Each structure stands twice: as C-alpha cells, then as structure tokens.
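S.K.: Structure below; questions to follow.
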Amino acid sequence: FQLIAAMNPCPCGYHGHYNGKCHCTPDQISRYRSKISGPLLDRIDIQIEVPAVLQEDLLGKANGETSVELQARVEVARQRQLTRQEKSNALLSVTEIDALCKPDAQGEALLQQAISRLNLSARAYHRVLKVARTIADLEGIKSIEVKHIAEAVQYRRLNF
C-alpha cells in the first residue's frame, strides 16, 4: 500500500510560518513531534517539510511541469524499472538493492556521511538507495550519482 500523511509542525500549526503567529515553546514542539515514533518514521521513504505559501505566490501563475508532463516522465521511469528488474524500485529486496542501487564513489562517501551524521538505520539506508535509484530513473540516468544520493538524503531530513 502507499501511505501519504501530513501533520502540523507544532500544536498550533504555525511554527516556521512567515507571519510569525506561532507562540509554541520549544518544549511544546518537541513533545508534539515526539508523538510520532521513530520506527514509524523510519518506514516512511520521503519525509519533507512543506512551508506555508506566500499570498502573492498563491495568487500568481504556477510555473514548472504540468501534471501531464510529470505523468509521462513517471511512466517512462517506471518502464525503465520494469525492464531492468521486472518490478518497481519500491519492491526491491535488500540483495537486489545491493546489486541494482550501487552509487558512484562520491555518492557512497556522501551516504557514509549521512549515516553517521543523521544516524540512519539500516532500513533508512536502503530506503535512501531506492529513492536515489528512482530519482536517477526519472532523469533517465543508468547509474546513481552523488546528486541523486544528495537529493534522496534531503527527503529524509525532517527534523524530529
């Protein structure tokens, strides 16, 4: 199954908001965020913080890829995965990850730094590799490069 979840950054919901409305103490924020268990977070592949959108940005014209363009890119990346391994990257076993998701030397070094600095578990390490493999697939690149590892690690940097 696929889980998509959201939560407020603090009890009042305004921590980090551009208008400065939040009056939660660091202790209140810490208690609030600690309600989500580490093992649960460890099983979530992508964890990102989405800041509040400024009013002028909200009212302006959107820029970037359209949904149709993005869908086409995702379909091509998924076909790459099916051709390479007959299943999506999300379904790879640990031994398949070791064989199919090997980063270049710089990527390996960055991953080692991330493991020590962010205290990544073995599960998180494998999830980062699968996400990096998917990022490379979306770009149409056969090997996992340092930029793919860097992007995948950033998707695990939610501060709890």
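S.K.: So if I check each of K142, K130, which one is out of contact with any Asp or Glu (no Cβ under 6 Å at 6 or more places or on another chain), more than 15 Å from I48 (Cβ to Cβ) and open to solvent by 60 Å² or more (accessible area, probe 1.4 Å)?
M.R.: K142
This table checks each residue for (1) touching a Lys or Arg at 6+ places or on another chain (Cβ under 7 Å); (2) at pLDDT 95 or above; (3) over 19 Å from I141 (Cβ atoms); (4) not small (G, A, S).
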| position | (1), (2), (3), (4) |
| --- | --- |
| V53 | no, no, yes, yes |
| E56 | no, no, yes, yes |
| R78 | no, yes, no, yes |
| E86 | no, yes, yes, yes |
| N89 | yes, yes, no, yes |
| P103 | no, yes, no, yes |
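S.K.: Which number in (1) surrounded by 11 or more Cβ atoms within 10 Å (Cβ to Cβ); (2) within 19 Å of the chain's Cα centre (by Cα) marks the one condition that A72 misses?
M.R.: Exception for A72: condition (2).
S.K.: Restricting the search to region 20-49, which residues are touching a residue at least 24 places away in the same chain (Cβ under 8 Å) and assigned to a loop (DSSP other than H, G, I, E, B)?
M.R.: S34, I36, R43, I44, D45, I46, Q47, I48, E49
S.K.: Next question, about the same structure. Given the structure, is A72 farther than 22 Å from Q154 by Cα, among the hydrophobic types (A, V, I, L, M, F, W, C), without any contact (Cβ under 8 Å) to a residue 60 or more places away in the chain and not in a loop (DSSP other than H, G, I, E, B)?
M.R.: yes
S.K.: Kindly indicate whether Q47 is more than 27 Å from H126 (Cα to Cα) and open to solvent by less than 80 Å² (accessible area, probe 1.4 Å).
M.R.: Considered against the rule, which asks whether it is more than 27 Å from H126 (Cα to Cα) and open to solvent by less than 80 Å² (accessible area, probe 1.4 Å), Q47 comes out as no.
S.K.: Could you list, in sequence order, all residues of region 148-158 that are touching a helix residue (DSSP H, G or I) at 6+ places or on another chain (Cβ under 8 Å) and open to solvent by 70 Å² or more (accessible area, probe 1.4 Å)?
M.R.: Hit for region 148-158 is R157, nothing else.
S.K.: Still on this model: If we keep just the residues of region 126-160 that are within 27 Å of M7 (Cβ to Cβ) and part of a loop (DSSP other than H, G, I, E, B), which is farthest from the chain's Cα centre (by Cα)?
M.R.: F160
S.K.: Enumerate the pairs (first residue in region 89-105 and acidic (D, E); second residue anywhere and surrounded by 13 or more Cβ atoms within 10 Å (Cβ to Cβ)) with beta-carbon separation below 7 Å, excluding pairs fewer than 6 apart on the same chain, so at least 6 apart or on different chains.
M.R.: The qualifying pairs are E96/Q85; D104/I144; D104/E145; D104/V146.
S.K.: Considering D98, D42, which residue is within 22 Å of V153 (Cα to Cα), loosely packed, with under 13 Cβ neighbours inside 10 Å and acidic (D, E)?
M.R.: D98
S.K.: Additional query: Go through region 11-31 residue by residue and tally those that are surrounded by 15 or more Cβ atoms within 10 Å (Cβ to Cβ) and under 21 Å from I46 (Cβ atoms).
M.R.: So the answer is 1.
The values are calculated or read from the model by the stated rules, or taken from the named source; none is laboratory data. All values derive from a computational prediction rather than experimental measurement. So basically every Cβ, Gly included, is an ideal-geometry build from the backbone, and we count neighbours across all protein chains shown. The accessibility values were calculated without ligands, DNA or RNA, using every heavy atom of the protein model including side chains. Shrake-Rupley method; radii C 1.70, N 1.55, O 1.52, S 1.80 Å.
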